[in-house]
Every structure is written in C-alpha cells, then in structure tokens.
Number of protein chains: 2
Amino acid sequence: MLHVKTPDEALDIIRSAFAPLDRPPEAVPLSAALGRVLARDVTAESWVPDFRRSTVDGYALRAADTFGCSDALPAQLLLAGEVRMGEGAGLSLEPGQCAAVPTGGEVPPGADAVQMLELCEDYGDGTVGILKSVAPGHNMIFRGDDVKPGDRVLPAGRRLEPQDIGALAALGVTDVPVLPRLRVGVISTGDELVPPEDAPAAGQIRDVNGPLVCTLLEQAGALPRFYGIVPDREDQLKQTVERALAECDAVILSGGSSVGEKDAACRVMSALGEVLFHGIAMKPGKPTLLGRTPAGKAMVGLPGHPVAALFVTHLFVRALLARLEGRELRRRQVTARLTEGVSANHGRAQYNGALLREGPQGLEALPIRGKSGLITALAGADGYFCIPRDCEGLPAGAQVLVNIFIAD
Amino acid sequence: MLHVKTPDEALDIIRSAFAPLDRPPEAVPLSAALGRVLARDVTAESWVPDFRRSTVDGYALRAADTFGCSDALPAQLLLAGEVRMGEGAGLSLEPGQCAAVPTGGEVPPGADAVQMLELCEDYGDGTVGILKSVAPGHNMIFRGDDVKPGDRVLPAGRRLEPQDIGALAALGVTDVPVLPRLRVGVISTGDELVPPEDAPAAGQIRDVNGPLVCTLLEQAGALPRFYGIVPDREDQLKQTVERALAECDAVILSGGSSVGEKDAACRVMSALGEVLFHGIAMKPGKPTLLGRTPAGKAMVGLPGHPVAALFVTHLFVRALLARLEGRELRRRQVTARLTEGVSANHGRAQYNGALLREGPQGLEALPIRGKSGLITALAGADGYFCIPRDCEGLPAGAQVLVNIFIAD
C-alpha cells in the first residue's frame, strides 16, 4: 500500500532511490561552460600568480630600508631600474635600492615590499625619497597567494557560475570537463489539451505544462525533449513513455487530472517499473507520482494543474535532477514579511505564490490569491512560500521563507 | 573635475544618463523565450478558461438541491448524463438533476456547483445520492477566473521565467515579442595578459576578465562579443573601442590596472565621448569608469582585478543593461548571519565574498578571506555582502544582506 508522503519524505525517497548517473564527461570551452556541472574536481596544476606581484603603482624596496622614515626625514633609495608590465623584473635589488613597479608588475628579487607612488618622491637624480615606512610584504601578492599546485579550486558537482569560469580561466582550464546535460522526456497527457498555438474548442484548454516543464528543465540545466500531447489511452501512453525512457535519462508525465488519467499514469509506471510514491501531502500538488524502472531511470507523474506542476517541479524534480548529477541543490530562499494574512486548513503543507518588494522594514512578500491551476496568477511572481501542515494560516506580518524562482 | 562617486551615486548616474534603447522587437517561439525581455505588455485576448470547469471528479448539480442533505438523508438526484474530457458538456441540467463530471471537465449549463465523488453515491438506478450539501460555486472555476480579455498578464520589460512561459502558453501567445539581446563588446587590456589557453611567461598572467565578464553578460541575457586582448597602446585601444561601438550596443573595457592603462582607457573614452564618472568609492572596485558616446552608447571601464571586475559588473553593469532594456533589476539578496567578524577601515564601501550555508539558527554567511584580485578565492562563492563606508567592520553574528550570484 502506497501512502501519501510528506514533502520531506518525498525528498528522502528521491535521494535514497536514485544514485548519480555514471556517464562519461564531455569537454566544453569556457564560453560554453556557464550552467554546466563539473564532472570532476578541478585542482590547480601551477602557481597563481606564478610570480610576486605589486598591488599598487609604486617602488619595490626592502622594507627594512624604510623603517623610521617620515615626510620630514625620507629614506633616500637608489633607483635601480623600472619593472615593465608583462615582462620579468630583469633586475634584483641590493640594500638601499628600489625599483619602479606598476600595479601587477613583478616585485624584483631582493625586494620584500612596495611603497605606493603617492608616498614616494622621485628626486630626479637617480634617487627616490620614501616618505613613509612599510612593513615587509606590504602592497604585494606572493607567488601562489591565489592558488598553489594541488589546491582544489572547484569540486565535482558544482554547477558553474561566472566567478567559477573566471577561476578556470586563471588556472588555464579551457577544456572544461562537464557532465553531459540530462536528457529529460516530457509528455503531456489529457484529452482536453490542445497545443498552445491552437484555439481551444468547447471543453478544451491549451497545454500549459508542456512549455512550463520544458522551460523549468532548461533552467535547471537539463535538455528537455517534448513528446507531445498524448490522449488518455493507456496503451498509447505506455508506448510513448517507453520510447522516452529509451531516449532519455528520465521521463516526466504531466498528467491530466481526471481519475482515468491518474490511474493510467500509475498503471503505466507500474507496468514499466516500480511506483515509489503516489501522492504528496501538499496543496496544490497532491497527485504526484514517482517511479523507477528496473534500469534505475526515474519516471515522474506531475499534477495536471499548472501551478501544482510548477511547485512540484521546483521542489522535487529539481532535487531529482541534482541527485542524478551528484550535486547538492542550493536553497535560494529569502526571508520576507507577509503583507496580508493567508488562511490554510488542509492538514497538508500549503504552497502559495508571492511577489517580493522592498518595504520600509525590509523585504515584503505579497501573497498571490487565486485558485490552484491559475497559472496567469503566477506570471510575474518572484517565488512561493509554504504554510506548514499543522498551521491554520499565517497572519499579516509573519516572517516567511520565500523560495525564489531562479536557476540554482 | 570628476569626483569619485559613492555606489548609490553611480547607480543614479547610470539611470539618469542612459535611456531604454529604441529597437524593433523580435518574435521568438515559447521554447526560446526563457530569459528574454518582453518588448510589450501581454494582454489576454480571450477568456481563460473559456468555460466553467470542475476542480474535482464528481457530480455537477444545483447547489440548492443539496441544502439540508446528509449521510443519513441524502439528496437523491437524477443522473442526466456524463461530461467527457475535452468536449463540451452537451447537456444542461434541470432542477433535481446532476451530471458526472471529471476534474477539468465542463460544468454544464444549469449546474452551479460540483460535489466530489467521495461524497456521492451512485445508486445504479439512474439516480445519485448526495451525502453532503455544497454551496453555489463550490469545486469549480468560472469562465475567466484565470484571465478575462483585456487583463494585463505580463508587463513590458519582464525578463521571462518559466511560470511566465506557462502563462503565455495559456494565452496562446506562441510568437513572443521580445527585445533583441543587447550586444555588448568586451575588450581586455594589459601588456601582461595572455589568453587563458596559453602558459604565462615571466611577468605574465592569464586573462581572467575576458571570460568572466562575457559569462556575466551572458547570464544577464546579453550577447557578449569578445574583441580580444589589446596591449596598453592608446591608438590601438581607441581603434578597437571604435570598432566595438560600431558593432555593439555598449562596450566594456576590462582594464589593466597600471597608471598608464587607466589613463589610456580614460583618454580613449574622453576622445570618443564624455566620461561620466571616474572612480567609485568602493573596495575593491575603485578604478571604474563610465562614459557615454554622443550617440548615447555606454562605455564602461572595469578594474583589472578580477574580483573587483566581478563585483562592479554584478552591481553596476547589470544595472546598466537593465536600464538599456527598460526593466527593473530585481534584488536577489538573502539575510544571513556572519560566522566571523570582518574588519574594514577604508572609508569606502567594502565588498566581501561569502559562502552561504544553513546553520542551526538559519542562514549563515562565511566571509571569504583573501586579497583583492584572487579570483579563485571566489570560485564556489554564493554571493557577496557590503560593509558600509562609515563602518569599522562587522562582528561575528552580525546580520548581512548577501547579494547572490545569479541571473536576475
């Protein structure tokens, strides 16, 4: 007997029933690596920087030569030369000497600090006056300050963001080893559905979940493949799911929501594998199915209501994809204050869309009103929050954690 | 005389000096609309749904016929027929009648409510017992409950997210009117720079800002175009900037940071237009330049230090792109508690990278230590926070607002 699971139980089942897929990595150039998932740890193979660099425009020198100097009594150093950008220092300093060095230029051997230009005076006679003392190591970056060979810079499973691309560039990792994108089949079911480009006839509606789920998958870094709208016939549905399973890493049925359809999705999953749960104690989103084929592929049955499909995909399908890629899903939540009370009395976790705006006392969440299934009510929404199952509602002013609708 | 601006002043200048670009919109299919910016308001042209729908599997009926009924004394109604999914109701109800209706099916004319299957009993003799009364309007969605013709569903300037794509599908807007992507030229300058795929020789480092800035622009929805690494020669830089300005909507110079380079970027901008500010009172990030050509195109000079370039791009270049697209940049900030104190004594707003993690008392921000320019220190970072200019630092446990590194 399959019980309805709580949202936390559903996440636990996703984690325990599926393992990261074992797939050969592929290499992509830096310009195509944004949003991809690292296939292995990236470890530095060289020193960054590979030489000691000045962080200011100034004079490289021996710090000890400046101790005790002042505006009134400058330390007078011999100008031994000038370091040029992009070239080795080409000289080394003796006690009593200094060398002009630009920001980012090499600090010559013999020097152990840099004094900034504004605190020095070039006397024009081959000597420079230092008007303020510096401590050793001041105004410079040491070899390997950024990374040393062997340092792990990025872990396997990281979904790459711009600053990671910058780090890879610094290390010279220009063929980035990433996981292949997950291929996820999407099937819309329901006799009442017509493609969005068609005008619905009597009793018909446009298919919202197909484009919605495909876009959510794309945002999560997967490659969605849409198998079209399948009528409520079990044999036809089974055939389409089988084809999608053969071609994809996971399959998502976006269910119609009539009894017949719900049963059909469940029977198809049972025929092709094992149903792991049938129902999540949440509103909207209850009629959610999770299944697994003997080969370990995931089958998800989403509710037909678009808002329910949106919440369930955001909460559970993304977690499933992260699991299949062996990465942690990062929480993107902000704390905000409810502008109005929201009632709940369902004995299930209730999810509610929200707009976010800056108020006088910080971030505010405006709950979006509307019946389940009204996707346009969520157009423009920033995220959603949860009212716990044992809670009768939340008053205006209550703090809520808003899950924001963004790529993780 | 150009003064150094505070971060807020810099944002004000961006907003006042630039206006949304006037460009003809383009139409893209739903499958290519994620992350694009709506070129005009999207207004519903039809009713969604276009008919009254049941939200449960059950019996459509007249609510008044059920008043006072109970388990013990069911209301007995005549079964007038069955509504099928995807078809019009095909019947209309008289008093004392009911019709079987699936979730999402049409509620027939004459009915004003639906009772769910579980609270009904089919006697098998052409009549159905209703075990609990329902109020008019119960368990159904009315025509236009989602939208009515003329309702504005999405505003011009919205950067489209999955739930918006769902709403567009519901409305049948499958040729989505979006702004062309902003074309932004990126130029790296510095004699010390080699492309990331090359091994640096003495005094050289790899160009980090080129890939970093291009990726940040891509994440912000723009089309970056990289013009390569230009040595510190003003004539050559000017030539490259001119070419980029001719081909792009805006140009970003990612400066080397020696005095000569800084001057060169500033002189090139002055020669090609007006320098709007030279320096932002922030650390890192001070040597930032903003300019405008007579034709109104933006020129940005970023600091050479990658971490500074990252913060400045995230804070100001994204704001500039949003301005050019006529949209509001949404704040993506989370409140977190500092795990360690961070010192500051610079008289400028200080920005510091952070990792986020869940702690026993909520979200925690681990400040990332390291000198400016160490991009690998930010690999894996979740975002950054600001220590205000008049603040000597923040103690462990202080609440900080962390800007998170994500597409807006």
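Bear in mind these aren't lab numbers, they're just calculated from the coordinates by the rules spelled out. Since the model is a prediction, treat every value here as computed from it, not as a measurement. For neighbour counting, all protein chains shown are included, and Cβ atoms are generated from backbone atoms with ideal geometry for every residue, glycine included.
What list of ³J(HN,Hα) values in whole Hz, one per residue of the stretch B:93-103 in order, does the Karplus curve 6.51 cos²θ - 1.76 cosθ + 1.60 (θ = phi - 60°) give from phi, with Gly and Pro shown as x?
9, 9, x, x, 10, 9, 9, 5, 9, x, 4
Over all alpha-carbon pairs in the stretch B:1-103, figure out the percentage whose distance exceeds 17 Å.
On the way: 3908 of 5253 pairs.
More than 17 Å apart: 74 percent of the Cα pairs in the stretch B:1-103.
Among A:Pro108, A:Leu356, A:Val173, whose Cα lies farthest out toward the positive end of the dipole of chain A, if unit charges sit on the beta carbon of Lys, Arg (+1) and Asp, Glu (-1)?
Result: A:Leu356, furthest along the dipole toward the positive end.
Past 31 Å, Cα to Cα: identify those pairs from A:Lys238/B:Lys148; A:Lys148/A:Lys297; A:Lys238/B:Lys132; A:Lys5/B:Lys132; A:Lys132/B:Lys283, in the order given.
Working: A:Lys238/B:Lys148 37 Å; A:Lys148/A:Lys297 41 Å; A:Lys238/B:Lys132 38 Å; A:Lys5/B:Lys132 28 Å; A:Lys132/B:Lys283 23 Å.
Pairs exceeding the cut-off: A:Lys238/B:Lys148; A:Lys148/A:Lys297; A:Lys238/B:Lys132.
When the Karplus curve 6.51 cos²θ - 1.76 cosθ + 1.60 is applied with θ = phi - 60°, which whole-Hz ³J(HN,Hα) does each residue of the stretch A:116-121 get, with x for Gly and Pro?
Result, ordered by residue: 6, 3, 4, 10, 10, 9 Hz.
Counting other Cβ atoms within 10 Å of each Cβ, which trypsin sites (Lys or Arg not before Pro) in the stretch A:136-188 have at most 16 and sit in a DSSP loop?
Working: sites: A:Arg143, A:Arg152, A:Arg158, A:Arg159, A:Arg181, A:Arg183; in loops: A:Arg143, A:Arg158, A:Arg181.
The qualifying sites are A:Arg143.
Any number yet on Rg/Rh for the stretch A:53-141, C-alpha, Kirkwood? Display every interim value, and only then the final one.
Numbers: Rg = 11.3 Å, Rh = 12.2 Å.
In the stretch A:53-141, Rg relative to Rh is 0.92.
With contacts defined as alpha carbon pairs under 8 Å and 6 or more residues apart, what's the relative contact order of chain B in percent?
About 16 percent, as a whole number.
Suppose every K and R has +1 on its Cβ and every D and E has -1 on its Cβ; what is the size of the dipole of the protein assembly as shown about the Cα centre, in Debye to the nearest 20? Don't skip to the answer; put the middle values down first.
On the way: 80 positive and 100 negative charges, 94 e Å.
For this selection, approximately 460 debye.
Cα atoms only, the stretch A:333-404: Rg and Dmax in Å?
Rg and Dmax of the stretch A:333-404, Cα atoms, are 11.5, 34 Å.
What does the copy distance list look like for B:Arg143, label position 7 Å along Cα→Cβ, in nm and ordered from shortest?
List, nearest first: 8.1 nm.
Note down the nm distance, to one decimal, between modelled labels 7 Å out along Cα→Cβ at B:Asp12 and at A:Thr43.
5.3 nm
Which residue, A:Leu77, A:Leu212, A:Leu276, has the most motion in a Gaussian network model of chain A that connects Cα atoms within less than 10 Å?
With Cα springs under 10 Å in chain A, the top fluctuation among A:Leu77, A:Leu212, A:Leu276 is at A:Leu77.
Convert each backbone phi in the stretch A:68-78 into a coupling constant with the Karplus relation 6.51 cos²θ - 1.76 cosθ + 1.60 (shift: θ = phi - 60°), then list the ³J(HN,Hα) values in order as whole Hz, x for Gly and Pro.
Result, rounded to whole Hz: x, 6, 7, 3, 6, 9, x, 7, 9, 10, 7.
For the stretch A:221-348, evaluate the Debye formula with one uniform point scatterer on each Cα (no solvent term) and list log10 I(q)/I(0) at q = 0.09, 0.11, 0.21 Å⁻¹, rounded to two decimals.
For the requested q values the scattering log ratios are -0.29, -0.42, -1.32.
Given q = 0.06, 0.08, 0.15 Å⁻¹, what are the Debye log10 I(q)/I(0) values for chain B, with equal point scatterers placed on the Cα positions and solvent ignored?
The computed values of log10 I(q)/I(0) come out as -0.41, -0.61, -1.27.
Amide H of B:Val147 versus every other amide H placed in the peptide plane: which residues, excluding those fewer than 5 positions away on the same chain, fall under 5 Å?
The answer is B:Val48.
With unit charges on the beta carbons (Lys and Arg positive, Asp and Glu negative) and the dipole taken about the Cα centre of the protein assembly as shown, which residue among A:Gly35, B:Thr189, A:Ile368 sits farthest to the positive side?
Of the candidates, A:Ile368 comes out farthest on the positive side.
Give me, ordered by chain and number, the residues 5 or more places off B:Val153 or on other chains with an amide H under 5 Å from its own placed amide H.
B:Val42, B:Thr43, B:Ala44
Could you give the length gained by full extension between A:Glu121 and A:Asp22, i.e. 0.36 nm per residue of separation minus their alpha carbon distance, to one decimal place? Please report the intermediate quantities before stating the final value.
Values: separation 99, 0.36 × 99 = 35.64 nm, distance 6.36 nm.
Full extension of this stretch gives 29.3 nm more.
Distances over 49 Å make up what percent of all Cα-Cα pairs in the protein assembly as shown? Mind showing how you got there, number by number?
Working: 93268 of 332520 pairs.
Taking all Cα-Cα pairs of the protein assembly as shown, the fraction more than 49 Å apart is 28 percent.
Run the dipole for the stretch B:333-404 about the Cα centre, Lys and Arg Cβ at +1, Asp and Glu Cβ at -1, nothing else charged, and hand back the magnitude in debye, nearest 20. Before the final figure, lay out each step's value.
Details: 6 positive and 6 negative charges, 40 e Å.
Once rounded to the nearest 20, the dipole reads 200 debye.
Given H placed on each backbone N at 1.01 Å, which residues far from A:Val184 in sequence or on other chains put an amide H within less than 5 Å of it?
Amide H neighbours of A:Val184: A:Leu223, A:Arg225, A:Asp249.
Say we join alpha carbon atoms closer than 10 Å with springs in a Gaussian network model of chain A; which of A:Arg225, A:Arg243, A:Arg36 then has the biggest fluctuation?
A:Arg243
Over the stretch B:288-408, calculate the relative contact order: mean separation of alpha carbon pairs under 8 Å at least 6 apart, over the residue count, as a percent.
On the way: 217 pairs, mean separation 35.3, N = 121.
Reported relative contact order: 29 percent.
Would you please name the chymotrypsin sites (Phe, Trp or Tyr not before Pro) within the stretch A:30-89 that are DSSP coil residues with at most 11 other C-beta atoms within 10 Å of their C-beta? Walk me through the intermediate numbers first.
Values: sites: A:Trp47, A:Phe51, A:Tyr59, A:Phe67; in loops: A:Trp47, A:Phe51, A:Phe67.
Within the stretch A:30-89, the qualifying chymotrypsin sites (Phe, Trp or Tyr not before Pro) (loop, at most 11 other Cβ atoms within 10 Å) are A:Phe67.
Calculate the all-directions average of the projected area of the stretch A:282-408's alpha-carbon convex hull, and give it in nm². It would help to have the intermediate numbers written out before the result.
Working: hull surface 33.7 nm².
Average projection, Cα convex hull of the stretch A:282-408: 8.4 nm².
Quick check on the protein assembly as shown: helices-only [θ] at 222 nm, where DSSP H runs of length 4 and up contribute -39,500 (n - 2.57) each and the sum goes over total residues. Nearest 500, please. Before the final figure, lay out each step's value.
On the way: 16 runs with 156 residues, N = 816.
So the helix-based figure for the protein assembly as shown works out to -5500 deg cm²/dmol.
Note down the magnitude of the dipole of chain A about its Cα centre, charges +1 on Lys and Arg C-beta and -1 on Asp and Glu C-beta and zero elsewhere, to the nearest 20 debye.
Here the size comes out at about 1760 debye.
From zero up to wherever the largest Cα-Cα distance of the stretch A:157-284 sits, split into 10 Å bins and tell me the percent of pairs in each.
11, 33, 29, 14, 10, 2, 0
Top mean-square fluctuation among B:Ala17, B:Ala222, B:Ala295, Gaussian network model of chain B, C-alpha springs under 10 Å?
Fluctuation is largest for B:Ala295.
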